[in-house]
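K.L.:
The structure is given below, and queries will be raised subsequently.
Every number here is computed from the coordinates shown, using simple stated rules; none is lab data. Owing to the predicted nature of the structure, the values given are computational and were not obtained by experimental measurement. A quick note on method: Cβ atoms are made from the backbone with ideal geometry, for glycine too, and the neighbour counts reach across all protein chains shown.
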Amino acid sequence: MTTVALKDVTKVFADGTIAVDNVNLDVNDGEFMVLLGPSGCGKSTVLRMIAGLEDPTSGAVLLDGELANDIPPRDRRVAMVFQDFALYPHMSVGDNIAFPLRLSGVDPESRTERVADVASALGIGDVLSRRPNQLSGGQRQRVAMGRAIVRRPGLFLMDEPLSNLDSGLRAELRAEISGLVRELGVSTVYVTHDQAEALTMADRVAIMRRGVLQDVGTPTEVYGRPATLYVAAFLGSPRMNLLEASVYVHLDRYVALNLGEQALYLPWSDIRARAVSHYHGERIVVGMRAEALTPVAPDAPGDVLRGRIRFLEHHGHESLAFLDIGATAIMVDDLGGQPADPVNGSTGRLRRLGSVMQRLTGRSTETGEGVEAGGRPGSARESVLSDPGRHHRRPAELAVRLAPYPAVSSGHPLSVAVRMDALHFFDERGDRIDVGWR
């Protein structure tokens, strides 16, 4: 099998676009690594540099500890599965799968045996005589997988192989690919923009944004302790509630987190209180997922936020209430779009729709230096709390999970208890405030 190491890898295209910015990443032997991020974040460029289809502008790509920058693609023992299947339309399914073996000079008898074994494992043994245009999308993707597997490579590279399929088939093939790759024990780098694929398939997930590596860890780690505000907002459904809070320390008692009209109190006995207390008199971002909020009676004691329901979304198995608690939300642009103009008098639903188009970070206008996402020295980043534009901060709509079709509607009051141990804290640059790194 094969290990992969990227050391300070940067890719700048001829027009000056920085597609990948100083990425450091290790893929262990037999590991299933998923590169996750929105379109244009650089994840496919990373994959192509590992395959040798793109040359890094700077940095090193190492395969099994050997510098591979100058090794041609055919000599890297990698097999790539593309988004668009890339099958030969004039060949049968069997000939498509056998094509790399024929190029390698494998004798016909061995070719036939290996093709039959792979086709049987993928459930396409009965369509070997057909042409690709006679197959369904799922069958064609299995053929593309078979063509990669039959080579017995040391490394699989998969570039959004399921994005052209419907949701039911994606879920089915997700389980098949994950199980098959682990059975073969082949190191795999898998690119996707779908967080469900990443969190269900990966041994580890590497999350990218605008060419910069934001976080790397197991699915549990990146979901439970996101390294940056961007990762926190990107992972999870519904998305994490991100609220602006002013910090006031009452020494040896608690840290007050003022969320506009209401407050939460982090007890001094909580080990995180010391880290948050360094921001006394400043603003931070408090993140809370829907699973950290539980509807309670209006007069319930403890850490409770109260508000009114702006609107409800019914999802069959549950309903989501979006609650106005008089707080300010911090918007994260996970689509890379430009800020949208505000709409006076717009409804909460329209504001939520527009919020995905808002920019979190960018090039600062106040200073020429700063830190990259993840806290590393580099390109400038503006504060997410410095109010660089009114599009960044909006009235919060706290997402709360309710039972299916609850006996409440828009305008109803609702109180929710907050699990203080499940809160996340981020500084003004979007980096995690923590007592230590995982």
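K.L.:
Quick one: net charge of residue 41's neighbours, Cβ under 9 Å, K/R +1, D/E -1? Present the calculation step by step, with values, prior to reporting the outcome.
P.N.:
Values: positive: 43, 209, 210; negative: none.
Neighbour charge sum, excluding residue 41 itself: +3.
K.L.:
What is the calculated FRET efficiency for residue 171 to residue 251, with r their C-beta to C-beta distance and R₀ = 45 Å, to the nearest 0.05? Before the final figure, lay out each step's value.
P.N.:
Working: r = 52 Å, r/R0 = 1.15.
E(calc), rounded to 0.05, equals 0.30.
K.L.:
Relative contact order of the chain, please, whole-number percent, based on alpha carbon pairs below 8 angstrom and at least 6 residues apart.
P.N.:
For the chain, the relative contact order is 15 percent.
K.L.:
Sorted by packing (mean other beta-carbon atoms within 10 Å per residue), highest first, where do 102-110, 136-144 land? Spell out each step's value before the answer.
P.N.:
Details: 102-110: 10.1, 136-144: 20.8.
Result, highest mean first: 136-144, 102-110.
K.L.:
Under 8 Å for C-alpha pairs, at least 6 residues apart: give me the relative contact order for segment 248-319, rounded to a whole percent. All intermediate terms of the calculation are to be shown ahead of the outcome.
P.N.:
Numbers: 48 pairs, mean separation 15.8, N = 72.
Across segment 248-319, relative contact order equals 22 percent.
K.L.:
If you don't mind, there's one more thing I want to ask. So for 183, 428, fewest C-beta neighbours within 10 Å to most, what's the order? Don't skip to the answer; put the middle values down first.
P.N.:
Working: 183 9, 428 18.
Taking fewest neighbouring Cβ atoms as first place, the list is 183, 428.
K.L.:
Also: What residues have an amide H closer than 5 Å to that of residue 80, excluding those fewer than 5 places away on the same chain, when H is modeled at 1.01 Å from N in the peptide plane?
P.N.:
Answer set, sorted by chain and number: 157.
K.L.:
Now a separate question. Any idea which of 279, 297, 265 is furthest toward the positive side of the dipole for segment 260-303, if Lys and Arg beta-carbons carry +1 and Asp and Glu beta-carbons -1?
P.N.:
279
K.L.:
How much length is gained if the chain between residue 120 and residue 53 is pulled fully straight, taking 0.36 nm per residue apart and subtracting their Cα-Cα distance, in nm to one decimal? Before the final figure, lay out each step's value.
P.N.:
Working: separation 67, 0.36 × 67 = 24.12 nm, distance 3.09 nm.
Going from the current span to full extension adds 21.0 nm.
K.L.:
A follow-up question, please. Of the options 90, 72, 118, report the single residue whose Cα projects farthest towards the positive end of the charge dipole of segment 45-177 (beta-carbon charges: Lys, Arg +1; Asp, Glu -1).
P.N.:
90
K.L.:
Using the 10 angstrom Cβ neighbour count as an exposure proxy, how do 124, 18, 50 rank, fewest first? Can you show the working numbers first?
P.N.:
Working: 124 22, 18 16, 50 28.
Least to most surrounded, the residues fall as 18, 124, 50.
K.L.:
Within a Cβ distance under 10 Å of residue 27, other residues only, what is the Lys/Arg minus Asp/Glu net charge?
P.N.:
Details: positive: 204; negative: 26, 29, 31, 203.
Taking every other residue near residue 27 into account, the sum is -3.
K.L.:
Each label point is 7 Å from the Cα along the Cα-to-Cβ direction; what then is the distance between the points at residue 196 and residue 24, in nm?
P.N.:
3.6 nm
K.L.:
Same structure again: At a threshold of 8 angstrom on Cα-Cα distance, excluding pairs fewer than six apart, so keeping six or more, what relative contact order does segment 4-227 reach in percent? Show your work: numbers first, answer last.
P.N.:
Working: 415 pairs, mean separation 67.0, N = 224.
After rounding, I find 30 percent.
K.L.:
Can you work out the FRET efficiency for the pair residue 134 and residue 312, with r the C-beta to C-beta distance and R0 = 45 Å, to the nearest 0.05?
P.N.:
Values: r = 46 Å, r/R0 = 1.03.
E(calc), rounded to 0.05, equals 0.45.
K.L.:
So, in nm, how far is label residue 274 from label residue 421 when the simple model puts each one 7 Å beyond its Cα toward the Cβ?
P.N.:
Modelled inter-label distance: 1.9 nm.
K.L.:
OK, next. Give me the one-decimal nm value for the distance between modelled label points at residue 109 and residue 182, 7 Å along each residue's Cα-to-Cβ direction.
P.N.:
According to this spin-label approximation, the distance is 3.7 nm.
K.L.:
Work out how much length residue 262 to residue 203 would gain on full extension: take 0.36 nm times their residue separation and subtract the Cα-Cα distance, in nm to one decimal. The partial results should precede the final answer.
P.N.:
On the way: separation 59, 0.36 × 59 = 21.24 nm, distance 4.01 nm.
Full-extension gain reported as 17.2 nm.
K.L.:
Let me ask you something else. Could you give the spread of the C-alpha atoms of segment 190-285 along their three principal axes, from largest to smallest, in whole angstroms?
P.N.:
Principal-axis extents of segment 190-285 (Cα, largest first): 48, 25, 23 Å.
K.L.:
Something else about it: Estimate the FRET efficiency between residue 70 and residue 15 by the formula 1/(1 + (r/R0)^6), using the beta-carbon distance for r and 25 Å for R0, to the nearest 0.05. Before the final figure, lay out each step's value.
P.N.:
Numbers: r = 25 Å, r/R0 = 0.99.
Plugging the Cβ-Cβ distance into 1/(1 + (r/R0)^6) gives 0.50.
K.L.:
Sticking with this structure for a sec: Using the number of other C-beta atoms within 10 angstrom as an exposure proxy, rank 315, 193 with the fewest first. The partial results should precede the final answer.
P.N.:
Values: 315 11, 193 18.
Ordered from fewest to most neighbouring Cβ atoms within 10 Å, 315, 193 come out as 315, 193.
K.L.:
Residue 300 to residue 164: extension gain in nm, 0.36 nm per residue of separation minus the Cα-Cα distance?
P.N.:
Values: separation 136, 0.36 × 136 = 48.96 nm, distance 4.87 nm.
Using 0.36 nm per residue and subtracting the Cα-Cα distance, I get 44.1 nm.
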